[in-house]
1. As I understand it, the value is the acute angle between the Cα axis of helix 80-89 and the longest principal axis of the Cα atoms of the chain; what does it come to in degrees, rounded to 10?
2. Taking the number of other C-beta atoms within 10 Å as the exposure measure, put 273, 176, 292 in order starting with the fewest.
3. For the chain, give me the percentage of DSSP beta bridges that are antiparallel, rounded to the nearest 5 percent.
4. Sorting 348, 256, 528, 114 on the 10 Å Cβ count, fewest up front, what's the list?
5. Starting from 0.36 nm per residue, how many nanometres of slack lie between residue 141 and residue 102 once their C-alpha separation is accounted for?
6. Expected output is a single nm value to one decimal: the length gained when fully extending between residue 193 and residue 307, i.e. 0.36 nm times separation in residues minus the C-alpha distance. What is it?
7. For the range 185-342, rounded, prolate or oblate, judged on the Cα gyration tensor with a ≥ b ≥ c (square roots of eigenvalues), a/c < 1.5 rounded, else prolate if a/b > b/c?
8. May I ask for the distance between the Cα centers of the range 400-442 and the range 225-291, given as a whole number of Å?
């Protein structure tokens, strides 16, 4: 007779799960044994947080829930940041946690925390399994809820006595396709009327535009309307880079060069915008009208309150909208005259040879070594703004960054997941020294899995983004610097290869050698962050002054 754990693993196989990430505990041992006899690979990580980041990134890249497993109490609580990462980032994920037996309490309250209650605000669904016969149904529902719009994490807690309990065989619940309705005809007509009347239209591509199912319809809409577009940080790469319509990325909320186009637009078609992202622009009186196109209705915020909503399956809905517009937009390219000026100013000093190198030079050189389908996974730090602003993406989901929870520590695990899914593609993790050290122990996991992965650690011996904000707000420089290990020896201690770049001219050759050699490589590179103040504060402040004087 099957045990509860056997039913759980069979239900996971029924969902097509091929791997599970995590750190099991005593309360999961029946599940571990069931996994041993299954087709599912158990990937042991060195911290539960990394397991959650990897599972969430699996969901982000495939559209199917990634799965992670932990024990009760402390192990389960270590998933909290990963759950929030998936919830805010709309990444489908299923978390499996253990618990002491619920039929008896031989260990009293030892290690017991209300995990289900703790995770309710961090998940779309959080519940405890109390009956073996319900396991297939609950697993099927968990995967459905995790995947349906808006995607996100689900937690299932399996107590050890339910996992070990024998049961009569229970049939699995078959999957069935769930089609998302297209937008209502009336909303498509209303949106088309607004676009036809616009004199300076502009498209914005946001986080939900990165869904694997979205990109074809978005590319067709841009091509058929010929309206220029910009992206949010998480919307990069969602339209083809060769259209000559790309205007830039809104890495800041206002006053950057791309906002010259945003501020002059009289209509913004916001495709897939999710207000979990730091605002790419701020709506206000006298600003452009906004059409919201997405899978779900807009969240009305102080800075975002669209005048029209086109809600439905984004790709097919955009095809229907393009049918109403193609060939009828004489003003489609009205803002294109600003394009060269915006992109040229963003590229300023991108080839400057100073040492240590500037963020612009690092972004430029990384772009040179990464092919179009190469994946760069960013941790969270000051460099993220520079990559979002300066790194040109040509393929969706080739710049993985988090502009939702914006947590440190996710860069390395995310890159590891990408390397597992796409072993034939170049994958580069870019981490600050602060963020890297938060989950650096996963270097051992990457080596054990024999991944091909290059990790670029940008070294400034500080929590650089907060230190920059501290300087901008004119506080004294205090409390944000630290020391580092010898990163080359640190990498070698895990069985990886290590290298330190000693000159700006060596950036590209060093990265090329690492990729060519295969395996796990850590490359450490000092960074000069003085450009943060010069460009992102002084230069943009001066730009605003010039605009105000001209007005």
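Each reported figure results from applying straightforward, stated rules to the coordinates on display, with no laboratory input. Being a predicted model, the structure only gives us computed values, none of them experimental. Cβ placement follows ideal geometry from the backbone for every residue including glycine, while neighbour counts extend to all protein chains displayed.
1. It is inclined by approximately 40 degrees.
2. Working: 273 29, 176 7, 292 26.
Fewest-to-most ranking of 273, 176, 292: 176, 292, 273.
3. Details: 3 of 67 bridges.
Close to 5 percent.
4. Details: 348 14, 256 25, 528 17, 114 11.
Lowest to highest Cβ neighbour count: 114, 348, 528, 256.
5. Values: separation 39, 0.36 × 39 = 14.04 nm, distance 2.26 nm.
Length gained between residue 141 and residue 102: 11.8 nm.
6. Numbers: separation 114, 0.36 × 114 = 41.04 nm, distance 1.25 nm.
39.8 nm is the gain from fully extending residue 193 to residue 307.
7. On the way: a/c = 1.21, a/b = 1.10, b/c = 1.10.
Rounded, because the longest to shortest axis ratio a/c is under 1.5.
8. The range 400-442 and the range 225-291 have Cα centres separated by 26 Å.
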